1. Suppose we filter the range 41-99 for residues that are among the aliphatic types (A, V, I, L, M), closer than 22 Å to residue 146 by Cα and in contact with a Leu (Cβ under 8 Å, 6 or more places away or on another chain); how many remain?
2. Keeping to the range 33-52, report how many residues are outside any helix (DSSP H, G or I) and over 16 Å from residue 130 (Cα atoms).
3. Name, by its number, the condition in (1) within 14 Å of the chain's Cα centre (by Cα); (2) surrounded by fewer than 14 Cβ atoms within 10 Å (Cβ to Cβ) that does not hold for residue 121.
4. When residue 93 is evaluated against the numbered criteria (1) of a type in the set (D, E, K, R); (2) surrounded by fewer than 16 Cβ atoms within 10 Å (Cβ to Cβ); (3) under 30 Å from residue 159 (Cβ atoms), which criterion, by number, is the only one it fails?
5. If you scan the range 156-183, which residues turn out to be modelled with pLDDT of 75 or more, more than 16 Å from residue 89 (Cβ to Cβ) and assigned to a helix (DSSP H, G or I)?
6. Looking only at residues in the range 124-156 that are under 22 Å from residue 66 (Cβ atoms) and of a type outside the set (A, V, I, L, M, F, W, C), which one is surrounded by the fewest Cβ atoms within 10 Å (Cβ to Cβ)?
7. Which one is modelled with the highest pLDDT, of the residues in the range 67-82 that are in a loop (DSSP other than H, G, I, E, B) and within 15 Å of residue 19 (Cα to Cα)?
8. Could you tell me whether the range 136-148 includes any residue that is of a type outside the set (Lys, Arg) and touching a strand residue (DSSP E or B) at 6+ places or on another chain (Cβ under 9 Å)?
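The values are calculated or read from the model by the stated rules, or taken from the named source; none is laboratory data. Just so it is clear, the model here is predicted, and its values are computed rather than measured. Here the Cβ positions follow ideal geometry from the backbone for every residue, glycine too, while neighbour counts run over all protein chains shown.
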Amino acid sequence: MSLQSLLHGIDQLSKSIGHAFAWCIVILTLGTSYEVFVRYVLDDPTSWAFDMSNILYGALFLMSGAYALSRGAHVRGDVFYRLLPSRTQAVIELVLYIIFFYPGVMALAYSGWFYAEDAIRIREVSVNSPIGVPIWQLKMVIPAAGILLCIQGFAEVLRCLICLRTGEWPHRLHDVEEMETTILQQAQADQNNTGAAHAGAQH
């Protein structure tokens, strides 16, 4: 297996899990809409909607972290970073992954395991609900998110090492793009086409 295949395989894992948990948004939207209707129209609020929204949003936030990392979508202050040469970027990334990223996500996975273990043992329920909505399943997501971030982080470290060796960042899997990125890519393509047309006309 080539390094590029390994990177794409890890990206695909993060993408598949991220897409699966994205359905939490649909369920969350329907549940919240139902709660608004029964609360303000029927004057009969539910006893589970608040906890449901916490559980679904928490699961979505945790389990989409690796997917966002695979797409380079996490927030970063790149005002100066994006102007640097690729190898310099790779050095910065590699240092930050070693010093900050891995200690953090490994602590998340390690501590999250004990939180999940305790929650499962006592069948933990929410203290915010009179009906005792179970929340132990959300605690199980914490170590899973840490492990996924560790796996995706390994792929990002490999990307840094490849960039240091070749001077270019390896390709990523693509499925959706932010509108800003699409507009910039289109503008660059138009500029390249215009330059090629002018060069052809001069010849």
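1. Total satisfying the criteria: 8.
2. Summing the residues that are outside any helix (DSSP H, G or I) and over 16 Å from residue 130 (Cα atoms) in the range 33-52 gives 3.
3. (1)
4. Against the list (1) of a type in the set (D, E, K, R); (2) surrounded by fewer than 16 Cβ atoms within 10 Å (Cβ to Cβ); (3) under 30 Å from residue 159 (Cβ atoms), residue 93 comes up short only on (2).
5. If the condition is that a residue be modelled with pLDDT of 75 or more, more than 16 Å from residue 89 (Cβ to Cβ) and assigned to a helix (DSSP H, G or I), then 183 is the only one that fits.
6. Filtering first and then ranking leaves 137.
7. Within the range 67-82, the match that is modelled with the highest pLDDT is 71.
8. yes
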